[in-house]
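Notes for the one structure printed next.
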Amino acid sequence: MNRIIAILITLPMVLHLCAQTTDQQAVDVVSGTVVDERTGRPIAQATVSVDGTSIAVVTNDDGYFTLKNASTAKGITVSYVGYQSKHLKAPASRITLVPTAIPLNEVVVWTEDPHQLVSIAIRKIPNNYSRQPELFQGFYRETAMKRQHYIYVAEAVVDMYKTSYTHNDSRDRVAIRKGRRLLSAKQGDTLTVKVMGGPVLPIQLDVVKNPDLLLSVEELNNYNFAMQPTTTIDNRLQYVVDISPRWPMPWPLYFGRLYIDRETLAFTRVELQLDVSDREKATNYMLVRRPPGVRFRPRELSTLIDYRYDQGVTRISYIRNIFRFNCDWRRKLFATSFTACCEMVFTDHQPATNGRPISGCDSFDSRDNFYDKVSYFLDPLFWEDYNIIEPSTSLDQAIDKLLKKKLRN
């Protein structure tokens, strides 16, 4: 399998964490919290979309969202896997979702080989996904934590040009429209982790468009398949297929779960978690190089990719990558744990009618360091009317601490 993500560790270490402040003066600002109706727990990564438009955001870890500069006269729709979607004609500060109850007369069990189901879904990709070039606007964030404390945040509004799903990704481009970063000034936070890829993740990790990453015939032969109970996404029934490593390979394989729309047989959600049981194999797969005297211990590499069905076309809508690892120093008694996370939500899209709207010189390259592409900002109105992922409560608190440190220095 091709390398999905690479981590480069060099000295000094820079870990990113970004914050943002909502522009309360924006036109048509709608905000609220999405929770489970039964437990009251917040639902993270729920999709909140404006009916009749292509505008959407996702909730943060606290279930909170904000929609800016979007007329909600036709209402909004809130959805999440395993819950009944809810349509609201008027915004509400607290939105409850009910876990899906699938009536028995609607349950359809795939009685054939689940591997065959996945193969059929692959053959239907050209029919289920966009057949024309499109321009997306998205919000990107990458964060880093040392133990339980945020030490770096960076975020940006990006444009992404995506060709038809009948083509490969060689012409796809991502450009940073506006971005900022915040970094811990503490001397002890000096182990820099550079996550290769950054904003180009939706190009690199779009497994539907890049089948060699997972959905090629050769790669799928390395996996076992098992059917799981049917669930729903956006009130649409989904087949659920688990995959697991079939036999040892020279590179680590994935444990994963594929969600396939029962009606269209389109992939709507992909969850992957790298098998890190063989530490040396996982390290070689993820690590480019390490500084002298540091022992690298991978703990987790997980990827979530969501696709959204809209008027007969399924499009990528959200992607999240989480990387957890420990670093041991020879002269230190205890290892230090780090967590790096990057995520992108696509807030709008439109046909790309003017050829390639992103030139090669303006595009972000996987070899570029996102940290070097954006600057440090404190402007509370920085994001203006762009739709973003709101920071979670813990992130807000971390940002306040980092800002106080910077102001003292």
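Filter the stretch 302-328 down to the residues that are β-branched (Val, Ile, Thr) and over 18 Å from Val158 (Cβ atoms), then identify the one that is surrounded by the fewest Cβ atoms within 10 Å (Cβ to Cβ). Let's see the steps before the verdict.
Within the stretch 302-328, the subset β-branched (Val, Ile, Thr) is 303, 305, 313-314, 316, 319, 322.
Next cut, over 18 Å from Val158 (Cβ atoms) only: 303, 313-314, 322.
Details: Thr303: 23, Val313: 19, Thr314: 21, Ile322: 16.
Among those residues, the one meeting the criterion is Ile322.
Go over the candidates Thr303, Thr268, Thr339, Thr264 one by one and state the one that is under 29 Å from Phe136 (Cβ atoms), part of a loop (DSSP other than H, G, I, E, B) and touching a residue at least 40 places away in the same chain (Cβ under 8 Å).
On the way: Thr303 fails: part of a loop (DSSP other than H, G, I, E, B); Thr268 fails: part of a loop (DSSP other than H, G, I, E, B); Thr339 fails: part of a loop (DSSP other than H, G, I, E, B).
Answer to the selection: Thr264.
With respect to the numbered conditions (1) surrounded by fewer than 22 Cβ atoms within 10 Å (Cβ to Cβ); (2) more than 14 Å from the chain's Cα centre (by Cα), which one is the sole condition not fulfilled by Asp261?
All conditions are met except number (1).
Could you count how many residues in the stretch 223-247 are surrounded by fewer than 18 Cβ atoms within 10 Å (Cβ to Cβ) and in a loop (DSSP other than H, G, I, E, B)?
Number of matching residues: 3.
Across the stretch 151-208, what is the number of residues that are open to solvent by less than 20 Å² (accessible area, probe 1.4 Å), modelled with pLDDT of 85 or more and in a strand (DSSP E or B)?
Matching residues across the stretch 151-208 total 13.
Out of the residues in the stretch 129-150 meeting the condition of being within 19 Å of the chain's Cα centre (by Cα) and small (Gly, Ala, Ser), tell me which one is farthest from Ile176 (Cα to Cα).
If we take residues in the stretch 129-150 being within 19 Å of the chain's Cα centre (by Cα) and small (Gly, Ala, Ser), then Ala144 is farthest from Ile176 (Cα to Cα).
Checking the structure you have, find out if any residue of the stretch 371-379 is open to solvent by less than 80 Å² (accessible area, probe 1.4 Å), assigned to a loop (DSSP other than H, G, I, E, B), modelled with pLDDT of 80 or more and among the charged types (D, E, K, R).
no
Which of the numbered conditions does Met13 fail, given that it passes all the others? Conditions: (1) at pLDDT below 80; (2) out of contact with any strand residue (DSSP E or B) (no Cβ under 6 Å at 6 or more places or on another chain).
(2)
What are the residues in the stretch 109-128 that are surrounded by 19 or more Cβ atoms within 10 Å (Cβ to Cβ) and either closer than 23 Å to Trp383 by Cβ or under 24 Å from the mean Cα position of the chain (by Cα) (or both), if any?
Of everything in the stretch 109-128, those that are surrounded by 19 or more Cβ atoms within 10 Å (Cβ to Cβ) and either closer than 23 Å to Trp383 by Cβ or under 24 Å from the mean Cα position of the chain (by Cα) (or both) turn out to be Val118, Ala121, Asn128.
Kindly establish whether Asp242 is more than 17 Å from Thr303 (Cα to Cα), in contact with a Phe, Trp or Tyr (Cβ under 8 Å, 6 or more places away or on another chain) and not aliphatic (A, V, I, L, M).
On the way: more than 17 Å from Thr303 (Cα to Cα): no; in contact with a Phe, Trp or Tyr (Cβ under 8 Å, 6 or more places away or on another chain): yes; not aliphatic (A, V, I, L, M): yes.
No, not satisfied.
Which members of the stretch 33-51 meet the condition of being at pLDDT below 95 and small (Gly, Ala, Ser)?
Ser49
If you take the residues in the stretch 274-284 that are touching a Lys or Arg at 6+ places or on another chain (Cβ under 9 Å) and open to solvent by 30 Å² or more (accessible area, probe 1.4 Å), which one is farthest from Thr230 (Cα to Cα)?
Arg279
Does Thr347 qualify as being modelled with pLDDT of 90 or more, open to solvent by less than 30 Å² (accessible area, probe 1.4 Å) and either touching a strand residue (DSSP E or B) at 6+ places or on another chain (Cβ under 7 Å) or not polar (S, T, N, Q) (or both)? It would help to see each step written out before you state the result.
Details: modelled with pLDDT of 90 or more: yes; open to solvent by less than 30 Å² (accessible area, probe 1.4 Å): yes; either touching a strand residue (DSSP E or B) at 6+ places or on another chain (Cβ under 7 Å) or not polar (S, T, N, Q) (or both): yes.
So Thr347 passes the test.
Could you tell me which residue of the stretch 52-66 is most open to solvent (accessible area, probe 1.4 Å), considering only residues that are farther than 21 Å from Tyr307 by Cβ, of a type outside the set (D, E, K, R) and in contact (Cβ under 8 Å) with a residue 60 or more places away in the chain? Give the steps one after another, and end with the answer.
Going residue by residue through the stretch 52-66, those that are farther than 21 Å from Tyr307 by Cβ are 61-64, 66.
Subsequent filtering for residues that are of a type outside the set (D, E, K, R) retains 63-64, 66.
This time we only want the ones that are in contact (Cβ under 8 Å) with a residue 60 or more places away in the chain, so: 64, 66.
Numbers: Tyr64: 78, Thr66: 2 Å².
Once the filter is applied, the top-ranked residue is Tyr64.
The values are calculated or read from the model by the stated rules, or taken from the named source; none is laboratory data. Predicted model only: the values in this text are computed from it and were never measured. Because the Cβ atoms are built from the backbone with ideal geometry, glycine has one as well, and the counts that use them run over all protein chains shown. SASA here: full protein model, heavy atoms, side chains in, ligands and nucleic acids out. Shrake-Rupley method; radii C 1.70, N 1.55, O 1.52, S 1.80 Å.
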